[in-house]
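Working notes for the structure below.
Nothing in this text is a laboratory measurement; each read-out follows from the coordinates by a stated rule. Given the structure is predicted, the values throughout are model-derived calculations rather than measurements. Here the Cβ positions follow ideal geometry from the backbone for every residue, glycine too, while neighbour counts run over all protein chains shown.
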Amino acid sequence: DRPRSSGSGAEEGSGRPGYYRKSFALIVGVNEYRSWPRLRYAVNDATAVESTLVERFGFPRENVIRLVDGDATRERIVEVLGGTLADPGRVGPDDRVLVFFAGHGATRKLPSGKELGYIIPVDAELQGYPVRSISMTELKDFSELIPAKHVYFVMDSCYSGLALTRGGGGSYLQEVTDRRARQILTAGGAD
């Protein structure tokens, strides 16, 4: 029964300015892996998220990039994250970006004893996957390249060792209002 969001974060008729100038999304879903076991619902989930963003949250369809199955290669995902969404002529400091990934994930134990998570694109090999996958460290680096005020990653895959951590110290309110937001939500952990 609520009014539909314009995608700006402002309530309709409230006279308040929106939280965001523009909204962008990268939606990735992989069922048909080349080397990894096939999944059944990742593409359906990606399609549902895309529809929800456009129809319910007012993301302009032309600002939503959808990569499914054969299009969800490492090269294409990296091109969108590090190129298209990192372009300050397209995405600005008052914008928001949502990145949704549905597919396989993997965890690698590092020599230090820590673990590092990876999202698995369609073209990653089963053996030696770190070479053709995207690590959480790389995602963190891409999040820093994107000039948007808010970047939100939603990862529907199993892995752990996330590189995005929360910093501490200082005044919380001052901290959250002075810097850009980078958040990640995961649907699973290792195993």
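Data overview
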read-out	value
The stretch 28-73 - Rg (one decimal) and Dmax (whole number), Cα, Å	11.8, 36
Spatially proximal lysines relative to K22 (Cα-Cα < 28 Å; intrachain offsets below 8 disregarded)	K140, K149
Those GluC sites (Glu not before Pro) in the stretch 20-64 that DSSP places in a loop and that have at most 14 other beta carbons within 10 Å	E32
Alpha-carbon gyration tensor eigenvalues x 5, square-rooted, for the stretch 14-123, Å	28, 18, 13
About the Cα centre, charge dipole magnitude for the stretch 29-71 (Lys/Arg +1, Asp/Glu -1 at Cβ), debye	120
